[in-house]
Amino acid sequence: MPEQHEGTEQHTTPERPGGSRLGRRRLLRAGLGAGGALATVRLLNGGAAWAAGPPPAPAAAGDYGNSEYQGQWPTSHLAAAPGTAAQTWPDWARYARVADGTFNEPADMQSAVDALKAQEVSVIELDTLLSDWLTDAQFAAHMAEVKQFTGLAHAAGLKVVMYYPSLELISPGGEKGRSFYKNDQGKNWVQRDLAGKPNVFYGSVVVWVDPGDESVWLSPNSPWRDYYLKRIKGVAATGVDGIWPDVPIYFDGVQTWCDASTWGAAAFKADTGLALPTAANFADPVFRRYVEWRHRNLLQFQLDIADAGRSVNPDLVTFVETVSMDYRYATSIGLDGGYLRQAPGAVSQVWEVDILGNYDGMRHATASDWVCLISMYKYARAASGTKPAWAFSYGWQADDASLVMSQLIAAGCNPYEVKTPFKNDTVDAAMRTRMYRFVRTNQTKLYDPASIAQVGVYHSAPSRDYVAPGEGNGMYVNAKAPAGITDWWGGDDPQMSCASLPWLGEFRGTVKALVYAHVPFDTVSSPGLTADDLARFKVLLLPNLQAVSDTEAALLRGFVSAGGTIVITGPAPTALDELGGQRTEFALSDVLGLRRADPLPTGKRNSYGSGSCWYVKALPGLSYLTKTDQASADQLLTAVQQAAPPAVTLAGDRRIFLDARRLGADTVVHLVNFTNFGDTPAAFHSAPANCTLSYALPAGAGVTAVTVASPDGTDPAPKAVPYTVTGATVSVPLTVAQYSVVTITVG
């Protein structure tokens, strides 16, 4: 590799307008999806730079480079780095209440810390200058300020996690002035698309890049990797408690299907033995391999970041900001959050869970849109595995913001409260304080219990990538902005809706059927699937499952053989391999009791070993997502009702989300009220909902106490509530404002 020249250009870093130091801001994907924002983008011509780029190089440091890869889930990269032991997570990270913090000048530090402490924040995400092109001297000077801030935060009993964009570098004033792309190594290290165009742009495309500034996205396969990891070590030396690398992605705002730089081409060749594809074509097996390779390529970069920080401070934790959720965005940007689940050490995610409107939040959501938000938070919790799952809690006004945060907490995630569309301010300080006080008061009850769900919903990453790939990402159902609302997520493009995507629509509709039936469930993330992941379930729902590896198929077969029940839907059950290639026979032909050469029945129940397989040729989840018809729900839930009737049930509006966990003698039930959302968008309002919670007591057990805690009032502490016991069932009448946590203690 050519020698890197870190910080060789001398330049100044001007302040942002108004003197604030604001870091990277999230992409207005609605504008990009509609094509409007792209009209103003100004790109450099890529031809000369591409021709003059660095020669092909060996695979990047830390590469899993392996020409023996056979398309199975790679495990070698999950080994701990030499000299490091697997870490346990400290309590401050497991119980975190996170908020953005920054300072304009050192004199502002103490007031910033004091304000956040007063709002019940326990972890400060410090976002300052690190988005910008800094010389070594500027970086060192700023690290001295970070060290000073960290000392003040620690004195106040708070932790500090340092935000640092991982692959984007902004040159303020770089459109007309000096920039990292034009005057330093950016031209050599930039991500490139399959045609060789550089991933660099100037202002007006995204909200975090000011007009006149340059944004360049660097290749993690280039010497940028060493440049960045060196600076990560510098951040770790300041005494911060964690690193927050921002979205290590192949950014697709201006170019798509990066990284076809010469660095990327060399890494792809070293790993697969293949030359890069020449075009985006899902019919091409090499392109499909490229799609999968980018997930693992970015996984290794994340692991290297965590290792670099721990080499300086063994107690350092890493939370990678991850913008790709259960929908299709991971396919285009390469960052599949599920790949990090089983990685060793204290490295997890901050999930950037987007909402419907940049300047409206969830205020005009439909009930199905709300189910999509539930699905995203449930996916986040699952894809982080046993690690803490921090997540964005976006809002526009206090009431919609608190309802979003209620669902986030109910799913088992840690809140990072912020006002959309930026990340440097609270929606409402009083609301944040009230919600965070509730979390602090009840933290062991919120984050220590284990799920009692006996039903799993399988999220197949290969099926997401390869089943009917299209243009839409499917974040929500309603892609059309309500009247008077601007900056809507879908840009009024129907193909953006998850209802337009056969695999995702079926997945989301399956989630909706379970939510509306008040059945506790957990999402099951596919990358790195093990038998232990399935062992606690009685029923596994496999929505439109088409793409599976032989290893996955064997695990699913073993689950059924041992007595489990699966419900698999769709027109081509397990007909593709893990890279989207056609199989000559269904991977689960024996379990299904079906052969690919024979006509598929509309439905079939087949016994296999001690378990059973229920097959439905149609897409009942997709039907239920759009029609909410009971017939479709029954196709999904009959097997659930027979094989795994839940111990916790609810009589009340189906738009009350229910989740259940157990901690010792306590069964902890979460109830979130979204009953004020309907089938069409309407103005936001909140109203309490009445319901009755029932719990089937274990044999020989009696109830000793029932309490309810809620962030909706002035006192977040649990309060005893009336209940009745009839036979072996305890019933609790409740009124849920937005969020209630019910604890049933047995003895």
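The values are calculated or read from the model by the stated rules, or taken from the named source; none is laboratory data. Fair warning: this is a prediction, and the values are worked out from it, not measured in the lab. Cβ sites come from the backbone with ideal geometry, for glycine too, and all protein chains shown count toward neighbours. Areas reflect the complete protein model, heavy atoms only, side chains present, ligands, DNA and RNA absent. Shrake-Rupley method; radii C 1.70, N 1.55, O 1.52, S 1.80 Å.
What percent does the relative contact order of the chain come to when contacts are Cα pairs within less than 8 Å and at least six residues apart? Write out the running numbers ahead of the final one.
Details: 1718 pairs, mean separation 88.5, N = 747.
Relative contact order comes out at 12 percent.
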Residue list for region 680-695, given a label point 7 angstrom along the Cα-to-Cβ vector of Ser731 and an amide N cut-off under 17 Å:
690-695
For region 334-412 and region 454-471, what is the centre-to-centre distance using only Cα atoms, to the nearest Å?
18
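Determine the percent antiparallel among the DSSP beta bridges restricted to region 559-663, to the nearest 5.
That works out to approximately 60 percent antiparallel.
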How large is ³J(HN,Hα), in whole Hz, for each residue of region 114-131 in order, when computed from phi with the Karplus curve 6.51 cos²θ - 1.76 cosθ + 1.60 and θ = phi - 60°, using x for Gly and Pro?
4, 5, 5, 4, 5, 8, 6, 6, 10, 10, 9, 8, 8, 10, 10, 9, 6, 6
Once R0 is set to 25 Å, what does the formula 1/(1 + (r/R0)^6) return for the Cβ-Cβ distance between Thr724 and Gln641, expressed as a FRET efficiency to the nearest 0.05?
0.50
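Please report the antiparallel percentage of the DSSP beta bridges confined to the chain, to the nearest 5.
Details: 59 of 107 bridges.
Of the beta bridges lying entirely in the chain, close to 55 percent run antiparallel.
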Given a 1.4 Å probe and every protein chain left where it sits, what share in percent of the accessible area of the chain is carbon and sulfur?
53
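Evaluate Rg over Rh across region 215-361, taking Cα atoms for both radii and Kirkwood's formula for Rh. Intermediate results must be reported in sequence, preceding the final value.
Details: Rg = 16.1 Å, Rh = 16.3 Å.
Reported Rg/Rh, Kirkwood definition of Rh: 0.99.
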Can you order the peptides 544-550, 404-410 by their average number of other Cβ atoms within 10 Å per residue, highest first?
404-410, 544-550
For Val567, the residues 5 or more places away or on another chain with a placed amide H closer than 5 Å to its own amide H are Leu540, Leu541, Leu542, Trp614
Could you tell me the distance between the Cα centroids of region 613-684 and region 200-233, to the nearest Å?
43
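Counting only protein chains, not ligands or nucleic acids, how are Arg289, Arg464, Arg654 ordered by accessible area (probe 1.4 Å), most first?
Numbers: Arg289 40, Arg464 0, Arg654 110 Å².
Listed by decreasing accessible area, they come as Arg654, Arg289, Arg464.
What does the highest-first list of 657-667, 517-527 look like by mean Cβ count within 10 Å? Mind showing how you got there, number by number?
Numbers: 657-667: 19.5, 517-527: 22.8.
Order by mean packing, descending: 517-527, 657-667.
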Taking the Cα centre as origin and putting +1 on Lys and Arg beta-carbons and -1 on Asp and Glu beta-carbons, what dipole magnitude results for region 359-422, to the nearest 20 debye?
280
Return the sequence-ordered ³J(HN,Hα) values of region 713-723 in whole Hz as given by the Karplus equation 6.51 cos²θ - 1.76 cosθ + 1.60 applied to θ = phi - 60°, using x for Gly and Pro.
x, 8, 10, x, 6, x, 10, 5, 10, x, 7
Determine the equivalent ellipsoid of region 478-615 by diagonalising the alpha-carbon gyration tensor, then write out the semi-axes as square roots of 5 times the eigenvalues, largest first, rounded to whole Å.
31, 18, 14
Given only helices, namely DSSP H runs of n ≥ 4 each adding -39500 (n - 2.57), what is the per-residue ellipticity at 222 nm of the chain, to the nearest 500 deg cm²/dmol?
-8500 deg cm²/dmol
Residue by residue, what Karplus-based ³J(HN,Hα) values in Hz, rounded to whole numbers, does region 197-209 have, using 6.51, -1.76 and 1.60 with θ = phi - 60° and x for Gly and Pro?
6, x, 8, 9, 7, 10, x, 6, 8, 10, 6, 8, 10
Where Phe139, Phe319 fall by accessible area, highest first, once all protein chains stay in place (1.4 Å):
Phe139, Phe319
Quick query: amide H of Asp132 versus all other amide H atoms, modeled in the peptide plane; which residues come in under 5 Å with a sequence gap of 5 or more or a different chain?
Ile170
I need the peptides 161-173, 346-358 ranked by packing, meaning the mean over residues of other C-beta atoms within 10 angstrom, with the highest value on top.
346-358, 161-173
For region 135-191, what is the accessible area per residue in Å², given a 1.4 Å probe and the full set of protein chains?
33
Amide H neighbours of Ala562 under 5 Å, counting only residues 5+ apart in sequence or on other chains, H built in-plane at 1.01 Å?
Ser610
Restricting to Cα pairs below 8 Å that are 6+ residues apart, what does the relative contact order work out to for region 472-578? Please round to a whole percent.
21
